[in-house]
1. So, R0 is 25 Å and r is the distance between the beta-carbons of residue 79 and residue 175; what FRET efficiency does that work out to, to 0.05?
2. Once the Cβ-Cβ distance between residue 104 and residue 192 is put in as r, and R0 is 22 Å, what FRET efficiency do you end up with, to the nearest 0.05?
3. Over the alpha-carbon set of the chain, divide Rg by the Kirkwood Rh and report the Rg/Rh ratio to two decimals.
4. Which FRET efficiency value, to the nearest 0.05, do you get for residue 147 and residue 12 by plugging their Cβ-Cβ distance into 1/(1 + (r/R0)^6) with R0 = 30 Å?
5. What nm value, rounded to one decimal, do you get for the distance between residue 2 and residue 48 when each label is placed 7 Å out toward the C-beta?
6. For the residue pair residue 19 and residue 32, what label-to-label distance in nm results when each label sits 7 Å from Cα along the Cα-to-beta-carbon direction?
7. Which residue, 29, 115, 74, tops the fluctuation ranking in a GNM of the chain built on C-alpha contacts under 10 Å?
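What follows draws every value from the coordinates through simple rules; no lab data is involved. On a predicted model such as this, the values are computed, not experimentally measured, just so you know. Virtual Cβ from ideal backbone geometry, glycine too; neighbours counted across all protein chains shown.
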């Protein structure tokens, strides 16, 4: 059916999931979700939002000094669009690898495991995409800021490199995303609430470890 090709349908399922979670879970279990089509829409919307944000940010062009802005304007906007276009792929891929490894460790037997995990990873990204839209709307309303409006980084603006990475992770929409991902995983494969919390905590421990090592 056409709705399974529509990204907005999955937003509806997420909101409905508060009261009727079985709808979104059944969509994953019954392999109704058209993953590639939804991923394509996610990337396009992300690219458009990134481009719109770049158009809103005049500061970068003003810092070019003697360079003719027209010479680099198209390149700048092109890079912004491509960056926005590809950003979801990286996060969805990380979600995918995390839950595939988890499924392998738990010896989950499913003929369509990869497709199911891909569906979970893609759906989980939708709150992050919504968050970028909210950030753009706030930038449009209150003015552009390189720190953004939806993370602790934007509030505290720390100078320490490690604190920068840590506060960037304190993003309500990212927290919702990993919460949804863990919930969909344990619900799809009939795992316990304990597994949910183990996955949730493990995800953030890995992030903290990477920040400590790479920061």
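1. Working: r = 29 Å, r/R0 = 1.15.
Once the sixth-power term is evaluated, E becomes 0.30.
2. Result of the calculation: an efficiency of 0.75.
3. Numbers: Rg = 18.9 Å, Rh = 18.8 Å.
Rg/Rh for the chain comes to 1.01.
4. Taking R0 as 30 Å, the efficiency between residue 147 and residue 12 is 0.40.
5. 1.8 nm
6. 1.8 nm
7. It is 74.
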